[in-house]
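The values are calculated or read from the model by the stated rules, or taken from the named source; none is laboratory data. These numbers were taken from a predicted model, which means no experiment stands behind them. Note: ideal-geometry Cβ built from the backbone for every residue, glycine included; neighbour counts use all protein chains shown. Calculation scope for accessible area: heavy atoms of the full protein, side chains included, ligands and nucleic acids excluded. Shrake-Rupley method; radii C 1.70, N 1.55, O 1.52, S 1.80 Å.
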Amino acid sequence: MHMLSQMDPDLYREVLRKQAEVWDDLIAAFAATWDRLFEPRWTPENRVSIEDVLADLAYGRD
């Protein structure tokens, strides 16, 4: 005899609903973690001007 034929239909529906809910929660948790993983946490700030770089490169050439 098959196991599902012995199970209460209401209980089986509840199990399927809970299973779908768990999968949805897991997918949402992993998606949020994945999105945070590739989210930029900081933006670069240009503190050195191009004139400073060119002056350093030209140092000693004169």
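Brief remarks on what is shown
- Shape class of the chain from the Cα gyration tensor (axes a ≥ b ≥ c, square roots of the eigenvalues): prolate, since a/c reaches 1.5 or more and a/b is larger than b/c.
- Once the Cα atoms are used to define both axes, helix 9-37 deviates from the longest principal axis of the chain by about 0 degrees.
- Counting only DSSP H runs of at least 4 residues, each contributing -39500 (n - 2.57), and dividing by the residue count of the chain, the helix-based mean residue ellipticity at 222 nm comes to -22000 deg cm²/dmol.
- Exposed-loop-free span, longest in the chain, where trypsin sites (Lys or Arg not before Pro) count as exposed if DSSP calls them loop and at most 15 other C-beta atoms lie within 10 Å: 1-40
- Whole-number accessible area per residue in Å² for the chain, which is evaluated in the context of all protein chains at 1.4 Å: 105 Å²
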